[in-house]
Structures are given as C-alpha cells and as structure tokens.
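Undergrad: Pasting in a structure now, in structure tokens, and then I'll have a few things to ask.
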Amino acid sequence: AQTVTQSQPEMSVQEAETVTLSCTYDTSESDYYLFWYKQPPSRQMILVIRQEAYKQQNATENRFSVNFQKAAKSFSLKISDSQLGDAAMYFCAYRSAYGTGNQFYFGTGTSLTVIP
Amino acid sequence: GAGVSQSPSNKVTEKGKDVELRCDPISGHTALYWYRQRLGQGLEFLIYFQGNSAPDKSGLPSDRFSAERTGESVSTLTIQRTQQEDSAVYLCASTGGQGVFYNEQFFGPGTRLTVL
C-alpha cells in the first residue's frame, strides 16, 4: 500500500511571510495524483491544490504552489504572503490514477499557525 | 445538492447504544468514502463504495462497524454497541463527475460522535 508522510506535525509562520510544508510518499506506480487539503477549525476539508504526476510543471493556485519532485517522491506546499485565514491543519494525499474510486491515502497532517 | 452533506452534525450517545451516521454525496458522484478522524489526528480510512458495492472494507475497525449505500446516493455508517474509543469525527467524501475534477474528493462537514 502507498504511504504518505508529513514529518512536520506543527509549523508556524509570521503573517505575510512564506512557509513550506513537506510531504513525501512511497509508491511503485508511475501515474497518480497528489493533493493538499486544508482543514480549518470548522473541520470542513477544502482542496487547496492538486498535481498530476505526469505533468512536470508544478501546480500553482494564487498564493499556493507546490514543489513536485517525482524522482524523490516529494510534494511540498509553499504558501506565500501568509494570511491569518491560512491557519489550519494541512493534509497531503495520494491517489492512484489507475482504475476508479481508488482509495486516497492521507498523511497525518501539519498544523499551521499564522502569527500576526 | 451543492456539496456533500452529513447528518447529524453532532451526536452524543451512551456506551453500548447503536448509532447511524448519514452521508449525502454530490449528485452523480459514483464513489463515496468514509473516514474517521480522532481528535488531533489524521484521517483513518474506513470504507469506500463504488456505486452501491463496497470493494474495500479493509479499514472497518471491527465487526461493530458496517456501512451501506443505496444506489449512487445516500450512505449510512452504523456503529453498534458504541464504545468510548469510537468518539471521533466521521467524515464522508465523494468523487465522480466529469473533467478535471474527476479525481478530487469533496468532503462533507463531518459528524462529531461523542460516546459517554
């Protein structure tokens, strides 16, 4: 089974600064999808950004971008110009591109604190 | 509906009682997932449905847990003879649809279960 590892249980960042959350995964597959989800205190999980493994270009969504290193099986999330609303748990997730309805594998999460 | 809905949002029960948790996925979504999230922890996969069949029940923690799904619609997660360790937030997610969003999981707000 695939595993997803988030080695930073907690991170903090000063408002307006940049922070990078790390994620590594283990798989033998060549095609897959990677996701970062945000879970604020309201507990509603929200998709932040996704990356298809066959795309070499790193995905970006406004202030959020990823550094996808396929050979290293690394998928880090960079948050630029951090805002107070970015404070949340962040989960990295993996899903196979083969078949339908396959299981998603989640990391254990990183709790991000934004300091005013 | 516009998103995944879950009911009830909160449930308090006494040890030994049975509970039913409900999930309404996004209309047309073929795959439905249940997760358990203990306080301060990551997501623990329980079960997923493709249509109304459950190809993967490997995450159900014991035979006290069961789930069913009616067609490609509502799913119910039942916990019998609840124990205090069952206290957690139970999250439901669905995937499906067309185009670029096909592989994204859309989450409901969760049901917070407290077993006294």
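Undergrad: At pLDDT below 95 and among the aromatic types (Phe, Trp, Tyr): is that true of A:PHE91 in this structure?
TA: No: the conditions fail for A:PHE91.
Undergrad: Now for a different question. Quick check: anything in the stretch A:107-115 over 15 Å from the mean Cα position of the chain (by Cα) and surrounded by 19 or more Cβ atoms within 10 Å (Cβ to Cβ)?
TA: yes
Undergrad: Considering only residues that are charged (D, E, K, R), away from every other protein chain (no Cβ under 11 Å) and under 19 Å from A:ASP26 (Cα atoms), which ones fall in the stretch A:40-89?
TA: Residues satisfying the conditions are A:LYS55, A:LYS70, A:LYS73.
Undergrad: Consider the stretch A:50-99. How many of its residues are among the small types (Gly, Ala, Ser) and under 26 Å from A:THR113 (Cβ atoms)?
TA: Count: 10.
Yes or no, residue by residue, for (1) in contact with a strand residue (DSSP E or B) (Cβ under 6 Å, 6 or more places away or on another chain); (2) surrounded by 15 or more Cβ atoms within 10 Å (Cβ to Cβ); (3) modelled with pLDDT of 95 or more; (4) over 24 Å from B:GLU44 (Cα atoms):
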residue	(1), (2), (3), (4)
A:GLU17	no, no, yes, yes
A:TYR25	yes, yes, yes, no
A:GLN57	no, no, no, yes
A:GLU61	yes, no, no, yes
A:PHE68	yes, yes, yes, yes
A:ILE79	yes, yes, yes, yes
A:SER96	yes, yes, no, no
A:THR100	no, no, no, no
A:PHE104	yes, yes, no, no
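Undergrad: Another question, then. Would it be correct to say that A:ILE46 is among the aliphatic types (A, V, I, L, M), closer than 19 Å to A:ILE115 by Cβ and either open to solvent by 80 Å² or more (accessible area, probe 1.4 Å) or more than 9 Å from the chain's Cα centre (by Cα) (or both)?
TA: For A:ILE46, the condition - among the aliphatic types (A, V, I, L, M), closer than 19 Å to A:ILE115 by Cβ and either open to solvent by 80 Å² or more (accessible area, probe 1.4 Å) or more than 9 Å from the chain's Cα centre (by Cα) (or both) - is not met.
Undergrad: Okay, next question. Does the stretch B:106-115 contain at least one residue that is loosely packed, with under 14 Cβ neighbours inside 10 Å and either on the phi > 0 side of the Ramachandran plot or of a type outside the set (S, T, N, Q) (or both)?
TA: No; the residues of the stretch B:106-115 include none that is loosely packed, with under 14 Cβ neighbours inside 10 Å and either on the phi > 0 side of the Ramachandran plot or of a type outside the set (S, T, N, Q) (or both).
The values are calculated or read from the model by the stated rules, or taken from the named source; none is laboratory data. All of these numbers come straight from a predicted model, not from anything done at the bench. A quick note on method: Cβ atoms are made from the backbone with ideal geometry, for glycine too, and the neighbour counts reach across all protein chains shown. Note: areas computed on protein heavy atoms with side chains; ligands, DNA, RNA excluded. Shrake-Rupley method; radii C 1.70, N 1.55, O 1.52, S 1.80 Å.
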